[in-house]
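Everything on this sheet refers to the single structure shown next.
The values are calculated or read from the model by the stated rules, or taken from the named source; none is laboratory data. Because the structure is predicted, anything quoted here is derived from the model rather than measured. Backbone-built Cβ (ideal geometry, glycine too); neighbour counts: all protein chains shown. To get the accessible areas, we keep the full protein, side chains included, count just its heavy atoms, and leave off ligands, DNA and RNA. Shrake-Rupley method; radii C 1.70, N 1.55, O 1.52, S 1.80 Å.
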Amino acid sequence: MNEKSNDDVRLRLIHSAAKLFLQKDFNSVSIRELAEMANTSSGMISYYFKSKNGLFEAMVKHQYELIIQEILLVLNEPGPIDFVQLIKKFQALYRKYPDMAKFETKTFMDETAFGNQYLKYLFNLERDIVNKEMTALIGQGIVEPTLDIEVFRILCYCVTVMPGVMQGALSEFYGEEEFDSFQNRFAEVVGTLISDRVMIK
């Protein structure tokens, strides 16, 4: 197998695990089901991930690392944070991966869901990243020194994750064209409000 086909099979297994995770609990998903959905053999799960547990761990990491990447892209840009663009990046991410919001809700809300422990680890990792970056921006005189960084971080979840969770219903309610307009207005209004409160003018 060449490198490209290796990546293709691995990603197909990860995507299949994500789909089945949304339909069933971890124990109800069989290795055979996973392999069939990914159009490969059961042996490939052992080859790439050692076990079903290893596959599901890789799937959880893959889903949440997409979110971490978007946060880092915005935080690592020089100068003031563009909160309008941050919100728009998440809107695009949820459009590209429409099941991601359901995935987040399942792992956040269900303490017994597979991946919940990894999610807690990732939650703390992301808290450390945001705290470090925002503390540096406060030191540079870019962000208000009175900012409660942890409240700010959870606020950012609220204005990115929750609209993602609601996007299916909102899209159906508004219709595609009006929903696109709403998303742009939402990003502009909410992003500007956060900037006005967080950034030093």
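Starting from a Cα-only point model with no solvent, please compute log10 I(q)/I(0) by Debye for the stretch 133-201 at q = 0.18, 0.22 1/Å. Relative scattering, expressed as log10 I(q)/I(0), comes to -0.74, -0.93.
Taking each full run of DSSP H in the chain as one helix, which ones are at least 18 Å long along their axis (Cα atoms) and have mean Kyte-Doolittle hydropathy of at least 1.0? Flagged H segments are 149-174.
The distance between label points at MET37 and ILE129 comes to 2.6 nm (points 7 Å beyond Cα on the Cα→Cβ vector).
Using modelled backbone amide H atoms (1.01 Å from N, in-plane), which distant-in-sequence or interchain residues come within less than 5 Å of VAL143's amide H? Hits under the 5 Å cutoff: ILE138, ILE200. Computed on the Cα trace of the chain, the radius of gyration divided by the Kirkwood hydrodynamic radius gives Rg/Rh = 1.03.
Please state, as a whole number in µm²/s, the translational diffusion coefficient that the Stokes-Einstein equation yields for the stretch 78-191 at 25 °C and 0.890 mPa s, with Rh defined as the Kirkwood radius across alpha carbon pairs. Here the translational diffusion coefficient equals 157 µm²/s. Considering only protein heavy atoms and a 1.4 Å probe, what is the carbon-and-sulfur percentage of the accessible area of the stretch 1-86? Within the stretch 1-86, the accessible surface is 49 percent carbon and sulfur. Here the chain is assigned +1 on the Cβ of each Lys and Arg and -1 on the Cβ of each Asp and Glu. Its dipole about the Cα centre then comes out at about 540 debye. Taking only Cα atoms of the stretch 161-201, what ratio of Rg to Rh do you get with Rh as the Kirkwood inverse-distance radius? Rg/Rh: 1.12. Remark on the stretch 53-103: hydrodynamic radius 12.1 angstrom, per the Kirkwood mean of 1/r across alpha carbon pairs.
Share of carbon and sulfur in the accessible area of the stretch 134-190 stands at 63%, probe radius 1.4 Å. Average accessible surface for the chain: 56 Å² per residue, computed with a 1.4 Å probe over protein heavy atoms with every protein chain in place.
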